[in-house]
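Engineer: Starting off with a structure, shown below.
The values are calculated or read from the model by the stated rules, or taken from the named source; none is laboratory data. Treat the numbers as computed from the prediction; the structure is a model and nothing was measured. Here the Cβ positions follow ideal geometry from the backbone for every residue, glycine too, while neighbour counts run over all protein chains shown.
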Amino acid sequence: WISIPKSNGYESLHTTVVTPQGRWVEVQIRTRRMDEVAERGVAAHWRYKGVGGGGLGSEQWLARLREIVETTEAAETIEERFDLAQSSNEVFVFTPTGDLRKLRDGATVLDFAFDIHSNLGTSCTGGRINGRNVSMRERLRNGDVVEIVTSRNQRPRAGWLDIAVTSKARAKIKQILRDDQARSAQLGREELERKVKNWKLPLTIEEAVTALSKYYKIKTGFEVYALISEQRVPMGEVKELLTEAASGALPAPEIQPRRAKSDSSGDSNDRSDDCLVIDETLRDVEYKLGGCCHPILGDPIFGFVTVHSGITIHRTDCPNAKRLREEYPYRVLSARWRETTSNGAFLATIRITGDDVPGLAGRITDLVSQELKLNIRSLSFGLQRGMMQGQLSIEVKGTQTVDMVIHKLKRVKGVLRAFRVNS
């Protein structure tokens, strides 16, 4: 990076050596001017303009800056695109062959895959760090040796944007998602045109799209085509709606949430409103608790109307909540727990980190099963980076029980952290 500096003006000599113990060590050699740019960012370039030969010229640097400003998306920042992070906010990792890769702090296995090659990133299913199998969500640490695991059947999904943090990975994922959406929309349009023609309906494709978007309360024809191509709505229902639209009698969609019954013994929080009330005796509406976030009594929740499985209840902080609200707002229902619900048994998972000391796992299980009298549904303990890592799934009555268990676990000698996880 001396004769060919990085796009942000970074200049340095790098070399990598391996110790007899098998540890990779990176050496950086640079002048005081180069170090100033590396440590304090590209703005420091102007302090040294004209000092020293070589390097990225001022006009070149400005041209590169202008190009990035013009191509940066609204949701991005210039810092993300231009990689202005100081060296203290970077992480250095190695490929299995010893090549050094520099990524921003917080980068994941998925970011590493895209940094190597876009094709490697799009087919990434996980990785191995220092020989240990990990998911693509795993964050990288200085000195890690990272190997990527791929599959030919893998394809980027919208959820990957919650995993990737580097601008290169996010830009490529967004590009692929846009391409997939455009392809899906084209297939959906062709399918809708074919069906309208086969059903012999006196509607143009634009009129059909307008009727469906109004019924499903979505804004664009693009979304209508996606609904059809991804089979998120049954074609029998589409035919019925368009037939009624052709006759000028398209009904408004009706999703009737259960109303709380007024009860003289109930409290003020159980008042009647347009809100789905969840309890152990809900008979009016078919529902189930989301397996992605395992909501329990006391969690803020919402309902989501599925196509074939009734209503699914999710926590408001569910990993899928943002996507569901953005992509299917017309299917989201307000929901809350009935205050009198107290006899149900909910599954909660607690993750524990502690010192690697004898008997710690036994003390934890004794506390939960003997002292607190709670049923343990599953239990696992292991050793990672010299620390005990455990996961405990227990039956509880609600969030108050979970809070109490976590409080008591933190008081066990040797336990460093205890917190609830989604699953």
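Engineer: Give the residues of the range 314-336 that are part of a strand (DSSP E or B) and either touching a Phe, Trp or Tyr at 6+ places or on another chain (Cβ under 8 Å) or modelled with pLDDT under 80 (or both), sorted by residue number.
Structural biologist: HIS314, VAL332, LEU333, SER334, ALA335
Engineer: SER378: small (Gly, Ala, Ser), over 20 Å from ASP299 (Cα atoms) and in a strand (DSSP E or B), yes or no?
Structural biologist: Yes, satisfied.
Engineer: Within the range 93-134, restricting attention to residues that are in contact with a Gly (Cβ under 6 Å, 6 or more places away or on another chain) and β-branched (Val, Ile, Thr), which residue is farthest from SER12 (Cα to Cα)?
Structural biologist: Selected residue: VAL134.
Engineer: Return the total of residues in the range 132-182 being touching a residue at least 60 places away in the same chain (Cβ under 8 Å), buried (at least 19 other Cβ atoms within 10 Å of the Cβ) and either closer than 22 Å to LEU383 by Cβ or charged (D, E, K, R) (or both).
Structural biologist: Here the count works out to 1.
Engineer: I'm trying to understand the selection: among the residues of the range 212-238, which are of a type in the set (Ser, Thr, Tyr) and assigned to a helix (DSSP H, G or I)?
Structural biologist: Hits for the range 212-238 are SER213, TYR215, TYR225, SER229.
Engineer: Considering GLN154, GLN186, GLN181, which residue is in the same structural domain as MET235 (by TED's automatic domain parsing) and within 30 Å of VAL134 (Cβ to Cβ)?
Structural biologist: GLN181
Engineer: Could you check the range 11-27 and list, in sequence order, the residues that are farther than 14 Å from VAL145 by Cα and either assigned to a strand (DSSP E or B) or touching a helix residue (DSSP H, G or I) at 6+ places or on another chain (Cβ under 6 Å) (or both)?
Structural biologist: Across the range 11-27, the qualifying residues are GLU11, SER12, LEU13, HIS14, THR15, VAL27.
Engineer: Restricting attention to the range 370-411, and to residues there that are more than 30 Å from LEU140 (Cα to Cα) and among the β-branched types (Val, Ile, Thr), which single residue is surrounded by the fewest Cβ atoms within 10 Å (Cβ to Cβ)?
Structural biologist: So, considering only residues that are more than 30 Å from LEU140 (Cα to Cα) and among the β-branched types (Val, Ile, Thr), the one surrounded by the fewest Cβ atoms within 10 Å (Cβ to Cβ) is ILE376.
Engineer: In the range 7-36, which residues are within 21 Å of THR95 (Cβ to Cβ), out of contact with any Asp or Glu (no Cβ under 7 Å at 6 or more places or on another chain) and touching a residue at least 40 places away in the same chain (Cβ under 8 Å)?
Structural biologist: Those that are within 21 Å of THR95 (Cβ to Cβ), out of contact with any Asp or Glu (no Cβ under 7 Å at 6 or more places or on another chain) and touching a residue at least 40 places away in the same chain (Cβ under 8 Å): VAL18, ARG23, TRP24, GLU26.
Engineer: Residues in the range 213-235: is at least one surrounded by fewer than 18 Cβ atoms within 10 Å (Cβ to Cβ), touching a helix residue (DSSP H, G or I) at 6+ places or on another chain (Cβ under 6 Å) and of a type in the set (A, V, I, L, M)?
Structural biologist: yes
Condition check ((1) out of contact with any Lys or Arg (no Cβ under 8 Å at 6 or more places or on another chain); (2) at pLDDT 85 or above; (3) in a loop (DSSP other than H, G, I, E, B); (4) among the small types (Gly, Ala, Ser)) across all residues:
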site	(1), (2), (3), (4)
THR340	yes, no, yes, no
THR365	yes, yes, no, no
VAL368	yes, yes, no, no
GLN389	no, yes, no, no
